[in-house]
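> Sharing a structure here in structure tokens format.
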Amino acid sequence: MAIDLKGLNHSQLNELIHRAEARKHELAKEKIGKVREKIVALAKAEGFSVEDLFSGRGGRKTRRPAKPKFRNPADHAQTWSGRGKRPRWFSAALAAGKKEKDLLI
């Protein structure tokens, strides 16, 4: 399939490009459909649905927040689980001479 590009004017070239791009998208959609059918068939053969495989959960368990381990003696509403960056009240209590075990809940 040889097209003489030199014999085409500007509008004819734009039309050819537009049609080629449209065909390219059609082929991509067809290929996506075929791959999708293969995935559905494979999932069904293994006893799963596509929603089971691609629901976003992936069998992961959600993590619960860690339970508080330390409490601010000056303000009992302030707690810390011992994970992440130390709160200022915790660092201040240690600097004031308290021990970690004194701040345990």
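We did not get these values from a lab; they are worked out from the coordinates using the rules stated. Predicted model, so just to flag it, every value in this text is computed and none were measured. Glycine gets a Cβ as well: all are built from the backbone with ideal geometry, and neighbour counts include every protein chain shown.
> Determine the dipole magnitude for the chain: charges of +1 sit on the beta-carbon of Lys and Arg, -1 on that of Asp and Glu, nothing else is charged, the reference point is the Cα centre, and the result goes in debye to the nearest 20.
Around 980 debye, computed over the chain.
> Here's a follow-up. Translational diffusion coefficient of the stretch 1-43 at 37 °C, 0.692 mPa s, Stokes-Einstein with Kirkwood Rh over Cα pairs, in µm²/s as a whole number.
My calculation gives 259 µm²/s for D.
> Note the angle between two axes, namely the Cα long axis of helix 10-45 and the longest principal axis of the Cα atoms of the chain, as a number of degrees from 0 to 90, rounded to the nearest 10.
For helix 10-45, the angle is close to 60 degrees.
> Something else now. Taking a 21 Å limit on the Cα-Cα distance, which of the listed pairs LYS24/LYS44; LYS69/LYS99; LYS69/LYS98 fall beyond it?
Result: LYS24/LYS44 exceed 21 Å.
> So what's Rg/Rh here for the chain, counting alpha carbon atoms and using the Kirkwood radius for Rh?
Ratio of gyration radius to Kirkwood radius: 1.53.
> So, one more: Once you keep just the Cα pairs under 8 angstrom separated by 6 or more residues, what percentage relative contact order results for the chain?
This gives 15 percent for the chain.
> Say each of LYS38 and LYS101 gets a label point 7 Å from the Cα, pointing the same way as Cα to Cβ; how far apart are those two points in nm?
In this crude spin-label approximation the distance works out to 6.4 nm.
> To make sure I understand the rule: partners must be aspartates and glutamates, Cα under 17 Å from the Cα of LYS38, and not fewer than 8 residues away in the same chain. Which ones qualify?
GLU30, GLU46, GLU51, ASP52
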